Amino acid sequence: MNLAETLTSTAETGPDRLAIKLDDLELNYGFLDHASKLAAGFLAERGVSAGDTVAISLPNVPYFPVVYYGILRLGATAVPLNVLNKAREINYYLTDSGAKLLFNWHDFDAEGLTGAKEAGVEGVSVKPGEFEQLLSGHELFEDVADRAPDDTAVILYTSGTTGQPKGAELTHANLAKNAEVARNLFGLEESGVVLGALPLFHSFGQTCTMNATFGGGGMLTLIPRFDPAKALEIIQRDKVQVFEGVPTMYGAMLNLPSHEQYDTSTLEICASGGAALPVEVLKGFQEAFNCKVLEGYGLSETSPVATFNHPEREQKPGSIGTPIEGVEVKLFDEQDHEVPAGEVGEIVVRGHNVMKGYLNRPEATEKAMRGGWFHTGDMATQDQDGYFFIVDRKKDMIIRNGFNVYPREVEEVLYANPAVREAAVIGLPHDEFGEEIGAAVALKEGAHTTPEQLRDYVKAQVAAYKYPRHVWIVDDLPKGPTGKILKREIKAPAELSS
């Protein structure tokens, strides 16, 4: 098998169908497949062969799938990277993965090509017009290399919240099956139109938008940099049926004052993942845009989907749903014993979606995969119907004066305040209690409130040990490449952290 067949099989049966769109640029499956043959031929002439690794640092542009499937059809392994990485980071990823070559978006050559040079790796600048000429002179690589199901197809680097980022090795079988599951969940077929707002270098965007859409023969309409007004404009223009995003995208579209001006009547299913979706945002979005928002859960290490709110089953707001087909999910305590329904435990996963391991890190792999279960580090509860509810990241839990406080619960209360656009609850060092609870809050446009009013609002609705003693208002919260709020980068005002 080969993950590249996601594209090649669809191109064989429907070469004239529209595959990808970026504003006025439209490419069909036949063209995309031909371009991937050129990319594979280019790599082959550069000495890249099956089993080698090749890095991709490109935004959401049609060149991404061209290079991605070109690497795969050659039998090589793709290493997608964030275009915003600095030279030092790129050097690390290229060196750690043993990459033979880097495809780098021209706007970021100063960092990308410098990082490649430092790593001793060839860097290829991808610039519209020039890149086509670069590929056109090479022989087509017509074949699709045979790979074993457990051969590594893609290496995705985790965010590295603790220590150096680790490369999760995802196999051809991992990714092909997960894309098939996503395709079935969203009902993606030839007539499907999907908004490609999630970064394609990230597992969510790669599997659930690109691979799932192309595998079903649908059309992916891209947005290189997320903007709520642009996203709504594309939904209206291209009659988008499926939108997949992270919670901050949903919040931004819902809070856009002009959102009612756009015709979004074609929207059928919206999928949320990457972080917990506040219930108030979910309900507000469904009401405003008259569509179903289904929340799921997963990580890079699980390809990424592990659980989902299945469209045909009961929807429970605030739940990440039930395990996808062929995957087991349980909740374990500190001794790796299963906890009863209703109690908090760590999410562990077993099934076809779990990575092969962390590249060149046997000890980290053994720790994460102990007992045959992948330990996610996320805490959750399960109800009597088998639905899971995320409580928080294990490491985000705050222990105040001996009491466990899960930020997610406090954040849900803050999101229910009509003035709040975004909120993040973190632990602050405290001499007496160990940790004190703090909250950084961004307000909706035109809204007015004070930190004291927000504090009292939460105080009235949660136990005394849970409410944030310290609240501060910010313009925006720091976010990662997918729009996920980065709690580790939130800094409390100097007077609170001293």
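List of remarks:
- Consider region 104-125 and keep the residues that are acidic (Asp, Glu) and in contact with a strand residue (DSSP E or B) (Cβ under 7 Å, 6 or more places away or on another chain). The one that is nearest to Arg46 (Cα to Cα) is Glu122.
- Per this entry, Arg393 is not counted among residues that are over 30 Å from the mean Cα position of the chain (by Cα), crowded, with 17+ Cβ neighbours inside 10 Å and of a type in the set (D, E, K, R).
- Looking across region 67-101, the residues that are free of Cβ contacts under 8 Å to residues at least 40 places away in the same chain and more than 20 Å from Ala148 (Cβ to Cβ) come down to Asn85, Lys86, Ala87, Arg88, Glu89, Ile90, Asn91, Leu94, Thr95.
- So Tyr406, is it within 24 Å of Gly483 (Cα to Cα), of a type in the set (Phe, Trp, Tyr), within 31 Å of the chain's Cα centre (by Cα) and at pLDDT 90 or above: no
- Glu314 meets the conditions (1) on the phi > 0 side of the Ramachandran plot; (2) more than 22 Å from the chain's Cα centre (by Cα) in every case but one. The failed one is (1).
- Enumeration of residues in region 136-151 that are touching a Leu at 6+ places or on another chain (Cβ under 7 Å), surrounded by 17 or more Cβ atoms within 10 Å (Cβ to Cβ) and at pLDDT 95 or above: Phe141, Ala145
- Where strands (runs of 3 or more DSSP E) fall wholly inside region 368-421, the ranges with 3 or more residues that are touching a strand residue (DSSP E or B) at 6+ places or on another chain (Cβ under 7 Å) and within 14 Å of Val344 (Cα to Cα) are 374-382, 388-393.
- Pick from region 357-381, criterion under 18 Å from Lys394 (Cα atoms) and among the charged types (D, E, K, R), ranking: nearest to the chain's Cα centre (by Cα): Asp378
- Selection status of Ala288, in a strand (DSSP E or B), at pLDDT 95 or above, aliphatic (A, V, I, L, M) and assigned by TED's automatic domain parsing to the domain that holds Met210: no
- Residue-level analysis places Glu412 outside the set of residues that are within 19 Å of Thr248 (Cα to Cα), exposed (fewer than 15 other Cβ atoms within 10 Å of the Cβ) and not assigned by TED's automatic domain parsing to the domain that holds Met249.
The values are calculated or read from the model by the stated rules, or taken from the named source; none is laboratory data. This one's a predicted model, so the numbers in the text were calculated from it and none came from an experiment. Note: ideal-geometry Cβ built from the backbone for every residue, glycine included; neighbour counts use all protein chains shown.
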